[in-house]
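Accompanying notes for the structure given below.
Bear in mind that the values in this text are calculations on the coordinates, not laboratory data. This is a predicted model, so every value here is computed, not measured. Heads up, the Cβs are rebuilt from the backbone with ideal geometry, glycines too, and the neighbour counts pull from every protein chain shown.
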There are 2 protein chains.
Amino acid sequence: MPELRKDPITGRWVIISTDRAKRPTDFSRDSVDIKGNGFCPFCYGNESKTPPEILAYGRNGSGPNTPGWSVRVVPNKFPALGIEGELDRQGEGLFDKMNGIGAHEVIIETPDHRITLANLHEKGIEEVLWAYRERMNDLKNDRRFRYVLIFKNHGEAAGASLEHTHSQLIALPIVPKRVREEVDSAARYFQEKERCIFCDMIRQELATADRIIAENERFVALAPYAPRFPFETWLLPKSHSSAFENNDAPVYANLAGLLKDLLLRLDAVLNRPAYNYIIHTSPVGEEINEHYHWHIEMMPKLTKVAGFEWGTGFYINPTPPEESARFLREAQL
Amino acid sequence: MPELRKDPITGRWVIISTDRAKRPTDFSRDSVDIKGNGFCPFCYGNESKTPPEILAYGRNGSGPNTPGWSVRVVPNKFPALGIEGELDRQGEGLFDKMNGIGAHEVIIETPDHRITLANLHEKGIEEVLWAYRERMNDLKNDRRFRYVLIFKNHGEAAGASLEHTHSQLIALPIVPKRVREEVDSAARYFQEKERCIFCDMIRQELATADRIIAENERFVALAPYAPRFPFETWLLPKSHSSAFENNDAPVYANLAGLLKDLLLRLDAVLNRPAYNYIIHTSPVGEEINEHYHWHIEMMPKLTKVAGFEWGTGFYINPTPPEESARFLREAQL
């Protein structure tokens, strides 16, 4: 019998379709392989082919926009939003609009074209997390922005248009709808119980352990109770923390460790899948609060999304999270 | 300069990315072609290969599960939900679950394997709409169900696993989150203004005409002001109507005409794209109301959805709706 499960944070119901239960090998799709042929604007020596860099780590004396960096942040060459100008909010009868003001940046995670984030050394991943943090904190000073979105598309099937491993940042003059709902729902829970709903969930998950994939001192990786997608995984700090960008050095070191561990598990169990991850953090100006708990949501790209899933916010997931967690937990690394 | 636009019904902001503006020919993808090779359980003579039929139109004396039908409805052979049993709602600590009870049916739109819905004659499309209606009304008698979802996946890229043209129906014991939000938002608007927000929108759209694609006596096809996807199109009744299934014969005849017209325009302009459509109608038990306006949302499958779009409810659309509406309006049929 399939099961209907409700995500306690978003209120979204999903079908966990046990009849059609799918093992990792049942998903037919291409592994992400790095071909490495052709010109790449993210490789050493091609620094002039991107817009001038905003940030770079690892340089030892060489000038900006030259080789020698370990992590490099540049504006997106084809930005979805423009950085210059006023918001100029306007109505059009029933409708609301404003200028498409925002930042759209690319975080080039390593100069090595052949490597994936999973295979980058832990210190390298930690540097990527520091670059996320530094760019977020800088953009939050721009009073036009309400949210800074960090995400990664890995593999063409997940929407990556260049194969050289990179993440993206979009700073927005609005709080995206899903984020607003998640934060507001957590705030309502806190109002009623004076506890963070994510803290409660983590406590329960660690106690039952069925959906735990891996953990270290400060972080836990788990399959959520009502996942939309097979092998959907969340990475959460064990102690309450409302914003990704407000943490101490040991937190990022710890996160780098568990992120690498999780990516290696996904690669092993799902044969190097395409994936997306998104950092869910508090909106600008609400960073310090007791109700919202920042985390990373990771979605391997294994299935096509059917039409009704777009229109309804209702999902059919062929892999129970207890199963996906077990596969990932027992992965041979 | 790109533009940020807000959908007045859902509150969702989207980027209309004029810098990257895309014309129909800029989307590289496969046309949907019917190959017609291999065994098909939806063709005449193979009726025994589906579960026993629930409904069939067009038979003239022949028995059930034999050839001679024009539209045939059967249970999905691999249903996402089970039809037998009690809901048995339960808590699991913080979490909520229930048995996966529901109906999952397939509406086979024509016995002709070679035809698409766009190319089916108007009377045939009208029969398909009647089958939707009849199945919805029947399932609404089952007190376990709160919503009946009708959708169509056309083409493999849109999630269709069989190429013989068909739609699907899923009856659910819950109201999907997105539907609940849409209905509640329309109810709040009505409470404030005593007008239907969709009626207001249709009036404004018909007056400005920029985003109108086609219309007939009772229906209008338009590109919404803040579409998530390029060439997203909505089909709405011009007069207020809160439920798809509560209409008179001339309404379905009219809808069949405009639906065919719209599908032919999409085929012409986008070179037979894969697409999804979903009927948005009022939940069971709230069918007659002044605030919600049923409609069909149609999404050609032209782009990959990036990671952050999943996690945020925030979309980047490279084609302004005024452009897509113009292309579809001016299509040579």
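Observations on the model:
- Based on C-alpha pairs under 8 angstrom that are at least 6 apart in sequence, the stretch A:55-146 has a relative contact order of 26 percent.
- Loop-located chymotrypsin sites (Phe, Trp or Tyr not before Pro) in the stretch B:192-235 (DSSP state not H, G, I, E or B) with no more than 16 neighbouring Cβ atoms inside 10 Å do not occur.
- Backbone N under 13 Å from the A:ASN119 label point (7 Å along Cα→Cβ), restricted to the stretch A:250-282: A:264, A:267-268, A:272-273
- Segment B:SER28-B:LYS193, length gained on full extension (0.36 nm per residue, minus Cα span): 55.0 nm
- Exam field: A:GLY38 pseudo-label spacings to other copies (7 Å along Cα-Cβ), nanometres: 2.9
- A straight chain from B:ASP112 to B:ARG203 at 0.36 nm per residue would run longer than the Cα-Cα distance by 28.8 nm.
- Nearest beta carbon of chain A to the A-to-B rotation axis, with distance in whole angstrom: A:VAL305, 4.
- For the residue pairs B:LYS77/B:LYS140; B:LYS193/B:LYS304; A:LYS304/B:LYS97, the C-alpha atoms sit more than 31 angstrom apart in B:LYS193/B:LYS304.
- Entry for the stretch B:82-235 at q = 0.09, 0.10, 0.16, 0.17 Å⁻¹: log10 I(q)/I(0) = -0.43, -0.53, -1.22, -1.30, Debye formula applied to identical alpha-carbon scatterers, no solvent contribution.
- Trypsin sites (Lys or Arg not before Pro) lying in DSSP loop within the stretch B:138-219, provided at most 15 other Cβ fall within 10 Å: B:ARG143, B:ARG195
- Comment: the Cα-to-Cβ extended label point of B:LEU87, at 7 Å, lies 4.1 nm from its counterparts in the other copies, nearest first.
- Counts of other chain beta carbons within 10 angstrom of each beta carbon in peptide B:172-179 average 6.
- Overall form of the stretch B:164-210 per C-alpha gyration tensor (a/c, 1.5; a/b vs b/c): oblate
- Per-residue mean of C-beta atoms belonging to partner chains within 10 Å, peptide B:9-17: 4
- Chain B - Debye-derived log10 I(q)/I(0), Cα point model, q = 0.08, 0.13 Å⁻¹: -0.39, -1.06
- Averaged over peptide B:89-100, the number of partner chain Cβ atoms lying within 10 Å of each residue's Cβ comes to 6.
- The stretch A:51-107-the stretch A:116-175 distance, computed between alpha-carbon centres (Å): 12
- Straight-distance crosslink candidates among lysines, where the alpha carbon sits under 16 Å from A:LYS260 and sequence neighbours closer than 8 are dropped: A:LYS123, A:LYS152
- Entry note, chain A: relative contact order of 22 percent, from Cα contacts under 8 Å with a spacing of 6+ residues.
- Using 0.36 nm per residue and subtracting the Cα-Cα separation, the extra length available between A:LYS77 and A:ARG89 on full extension is 1.7 nm.
- Counting from the shortest, the label point at B:PRO67, 7 Å from Cα toward Cβ, is 7.0 nm from the same position in each remaining copy.
- Annotation: amide H-H contacts under 5 Å for B:ALA214 (H modelled 1.01 Å from N, sequence separation of 5 or more, or interchain): B:ALA221.
- Max-minus-min Cα coordinates of the protein assembly as shown on each principal axis give 86, 53, 53 Å, with the largest extent listed first.
- Taking all Cα pairs closer than 8 Å and separated by 6 or more residues, the relative contact order of the stretch B:1-93 comes to 16 percent.
- Distance from the C-alpha centroid of the stretch A:245-324 to that of the stretch A:1-43: 11 Å, rounded to the whole angstrom.
- Estimated [θ] at 222 nm from DSSP helical runs (n ≥ 4, -39500 (n - 2.57)) normalised by residues in the protein assembly as shown, nearest 500: -8000 deg cm²/dmol
- The stretch B:1-150 shape via C-alpha gyration tensor axes, a/c threshold 1.5: oblate
- Placing dummy labels 7 Å off each Cα toward the beta-carbon, the span from B:ALA249 to B:PHE39 is 4.1 nm.
- Against the empirical curve 2.2 N^0.38 Å, the C-alpha radius of gyration of the stretch A:127-194 lands at a ratio of 1.41.
- Where GluC sites (Glu not before Pro) fall in DSSP loop in the stretch B:85-160, at most 14 other Cβ within 10 Å: B:GLU86
- For the stretch B:167-263: rounded, prolate or oblate by the Cα gyration tensor [a/c cutoff 1.5]: rounded
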